[in-house]
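Comments concern the structure below.
FYI, it's all coordinate maths here, none of it is from the lab. Every value quoted in this text rests on a predicted model; they were computed, and no experiment measured them. All Cβ positions, glycine included, derive from the backbone under ideal geometry; neighbour counts span all protein chains shown.
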Amino acid sequence: MARGEVVEVRPLGRPIDAEVPVPGSKSMTNRALVMAVLADCESSIENALTSDDTDRMTAALTGLGFELSSDQDSATMRVVGRGGLVPADRAELNVGASGTCARFLTALAALGRGEYTLDGVPRMRERPIEPLLAALRQLGVDAVATLGTGCLPVRLRGSGAPAGGAAAIDASVSSQFVSALLMVGSYLEQGLTLRLDGSIVSRPYIDMTLQQMGRTGVVGDWLDDRTLRVAPGQRYRGGAQVMESDASNASYFFAAAAVTGGRVRVARLPADSIQGDLALLDVLERMGCQVERGADAVEVRGPAGGRLRGLSVDANAIPDMAQTIAALAPFVEGPIEVRDVASMRVKETDRIAAVVAELRRLGQDVEEGPDWFRVSPRPIRPATVRTYDDHRMAMAFSIVGLRAPGLRIADPGCTGKTFPTYWDVLGGAGVEVVRLSPALAG
């Protein structure tokens, strides 16, 4: 779908019953790319995601002088590792709207010899990166936000592997700062000992990074509940890495099962998955769904008639799932509260403000605070949902249309950031998605 269009999601009229093909994990793919360029030999990344975010990552890595190729038919990327060296001595990198690229590439470029700048779309100039830069400076890196705002653009000047050692970082804004440092930690001369200050947001993503690192040869450990250590001298192995299906993007189809009282199965989500957003399954169980976690798949069955129970959720560990939970709110018996999600304010948009505005547009009774929102369900009013150039707003709120007539989504093409085929996959699950002319969009 093109940017600027409007689509209407028509009520399904029956319980959904589908096995849904969800592409590979964005989080895993971008981590795998960083680890592969640091490895000593060639790697292949299978079931890799192709999306705006991963395209930004591959283009930036190419700009840093690394050799990569992609076969979209087989969803496989091939990467030639350079053993911790950054080939280019100068690069101007554009990360677009990708937070993972901004954070991961900043840490990677710190290993280089030369000068590197990173910039992105206007929203990225509002999203903080100073905690990462401050930690890099403690590790011996010349890293500054050139406008003095603590956001992009960023400039790094390097002379090879930094000294490394001990650093402290504010972990209350984004777990991506921590993951970025962990992935390059073993390539620092003294390794990395990282102290996490503040409330640790999205901790499952930090654990995911550690597990993915360990699978490819670099071990990082928690020394205590606030200190991480990566010993120097470890190197990533080349070879094949297979990406799981994206648990975050699977969540919208699990929500579809919940609201319609149907069944959805997603393959390539193993019982030992390293993706923290699968914690949404626990929330769905509390709301009345049945969840089956298989050896290589997850199946969710919604309660009869989609009669869901209200609840209060501490979503600090899974803030990207807050919009999915919000989309379920109009269908629950009793209120839903999502709390401890201050990090939503500094995502692709202020996601708390966006969720509150669009639920109110749909006729819901919504309250909000600095790090929480609470929804009391009301009859759903037909409306065009604004998406704020945020892929998760579009995908989450599309689920409301499975039971509510007149639900339209503005700018559906924003899903290309992480799930370019979302609308086709939704249609393949039996949902009617209709493109509207501007005159009919309302």
### Task
Please work out how much length the chain gains when fully extended from GLN211 to ASP314, using 0.36 nm per residue of separation minus the C-alpha to C-alpha distance, in nm with one decimal.
34.7 nm
## Note on the structure
With +1 on the Cβ of every Lys and Arg and -1 on the Cβ of every Asp and Glu, the dipole magnitude of the chain about its Cα centre, in debye rounded to the nearest 20, is 520
### Task
Using only Cα atoms, tell me the angle between helix 99-109 and the longest principal axis of the chain; keep it within 0 to 90° and round to the nearest 10.
10
#### Entry: For the range 1-91: relative contact order, % (alpha-carbon pairs under 8 angstrom, 6 or more apart)
30
### Task
Please figure out what share of the DSSP beta bridges in the range 26-221 is antiparallel and state it in percent, rounded to the nearest 5.
65
### Message
As I understand it, the value is the acute angle between the Cα axis of helix 52-63 and the longest principal axis of the Cα atoms of the chain; what does it come to in degrees, rounded to 10?
### Response
10
### Task
Determine the percent antiparallel among the DSSP beta bridges restricted to the chain, to the nearest 5.
65
### Task
Could you tell me the distance between the Cα centroids of the range 250-273 and the range 211-249, to the nearest Å?
26
### Query
Relative contact order for the chain: what is it in percent, counting Cα pairs under 8 Å that are at least 6 residues apart?
20
### Task
Return the whole-Å distance between the Cα centroid of the range 77-113 and the Cα centroid of the range 12-72.
15
### Query
What list do you get for ASP52, ASP71, ASP246 if you sort them by fewest beta carbons within 10 Å?
ASP71, ASP52, ASP246
### Query
Where does the charge balance sit around GLU285 when Lys and Arg score +1, Asp and Glu -1, over other residues with C-beta under 12 Å from its C-beta?
+2
### Query
Taking Cα atoms, how many degrees apart are the long axis of helix 203-215 and the longest axis of the chain, rounded to 10 and kept between 0 and 90?
50
### Task
Return the distance in nm (one decimal) between the two label points of a simple spin-label model at ALA271 and ARG226, each offset 7 Å from Cα along Cα→Cβ.
3.7
### Query
What is the extension gain from ALA59 to ALA304, computed as 0.36 nm multiplied by their sequence separation minus the C-alpha to C-alpha distance, in nm to one decimal?
83.5 nm
### Summary
Here, GLN190 and THR149, labelled 7 Å along Cα→Cβ, have an inter-label distance in nm of 3.4
### Query
For the range 331-341, what does the Karplus curve 6.51 cos²θ - 1.76 cosθ + 1.60, with θ = phi - 60°, yield as ³J(HN,Hα) per residue in whole Hz, taken in order and with x for Gly and Pro?
10, 8, 9, x, x, 10, 10, 10, 10, 6, 10
### Query
Roughly what % antiparallel, to the nearest 5, for the DSSP beta bridges in the range 1-136?
65
### Summary
Taking GluC sites (Glu not before Pro) in a DSSP loop with at most 15 other Cβ atoms within 10 angstrom as exposed, one finds the longest site-free stretch of the chain at 190-431
### Message
Let me check I've understood the local charge: for CYS101, count other residues with C-beta under 15 angstrom from its C-beta, Lys and Arg +1, Asp and Glu -1. What total comes out?
### Response
+3
### Task
Please label the shape of the range 26-221 as rounded, prolate or oblate, based on the square roots a ≥ b ≥ c of the eigenvalues of the alpha-carbon gyration tensor (a/c under 1.5 means rounded; beyond that, a/b larger than b/c means prolate, else oblate).
rounded
